[in-house]
Amino acid sequence: MARRLKVRRPIENRGSTARDHLANERTYLAWVRTALGLVGLGVVLERFAADTRDSDWAELGGVLLIALGGLALFYGIERYLAVARLLEQGQFPVARKGPLAVALVVAALSIGALIYVLL
């Protein structure tokens, strides 16, 4: 017997309502993919670099990437729920802190990787 998907409460699809909610879901899935990628990269870094001369740094880098993946997942969940709630009210929150945080983390990782490669 097929089970029906339970819908919390249907929203009337006026204008771009469905498109906006589906875009929010796609953005959430992008955060999930990013989180999985960071966790996977952290595991690979920690496991494959364990036999190198810098195994302590590799382990630290792996743990940091895994933690960063967890943070990305939780940020994606929080952002998805906040956007969905406001979309139901006909509003949309502009992201300011999230993109800035991501840019700063990527810049720090880039500088760290550059220093590691040059030394």
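The values are calculated or read from the model by the stated rules, or taken from the named source; none is laboratory data. Not measured: the values here are computed from a predicted model. FYI the Cβ positions are ideal-geometry reconstructions off the backbone, even for glycines, and counts take in every protein chain you see.
Is it the case, given these coordinates, that VAL94 is surrounded by 15 or more Cβ atoms within 10 Å (Cβ to Cβ) and under 14 Å from ASN24 (Cβ atoms)?
Numbers: surrounded by 15 or more Cβ atoms within 10 Å (Cβ to Cβ): no; under 14 Å from ASN24 (Cβ atoms): yes.
Criteria not met by VAL94.
Just one of LEU86, LEU81, LEU60 is closer than 30 Å to THR17 by Cα and surrounded by 13 or more Cβ atoms within 10 Å (Cβ to Cβ); which is it?
On the way: LEU81 fails: surrounded by 13 or more Cβ atoms within 10 Å (Cβ to Cβ); LEU60 fails: closer than 30 Å to THR17 by Cα.
None of the others qualify; the one that does is LEU86.
Yes or no, residue by residue, for (1) closer than 19 Å to ALA113 by Cα; (2) surrounded by 13 or more Cβ atoms within 10 Å (Cβ to Cβ); (3) touching an Asp or Glu at 6+ places or on another chain (Cβ under 8 Å):
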{"residue": "ARG26", "(1), (2), (3)": "no, no, no"}
{"residue": "TRP31", "(1), (2), (3)": "no, yes, no"}
{"residue": "GLY37", "(1), (2), (3)": "yes, yes, no"}
{"residue": "PHE48", "(1), (2), (3)": "yes, no, no"}
{"residue": "GLY69", "(1), (2), (3)": "yes, yes, no"}
{"residue": "LEU73", "(1), (2), (3)": "no, yes, no"}
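Condition check ((1) at pLDDT below 90; (2) not in a helix (DSSP H, G or I)) across all residues:
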{"residue": "LEU5", "(1), (2)": "yes, yes"}
{"residue": "ALA18", "(1), (2)": "yes, no"}
{"residue": "ASN24", "(1), (2)": "no, no"}
{"residue": "LEU29", "(1), (2)": "no, no"}
{"residue": "THR34", "(1), (2)": "no, no"}
{"residue": "GLY42", "(1), (2)": "no, no"}
{"residue": "GLU46", "(1), (2)": "yes, no"}
Restricting to region 45-74, count the residues that are touching a Gly at 6+ places or on another chain (Cβ under 6 Å) and touching a residue at least 24 places away in the same chain (Cβ under 8 Å). 2
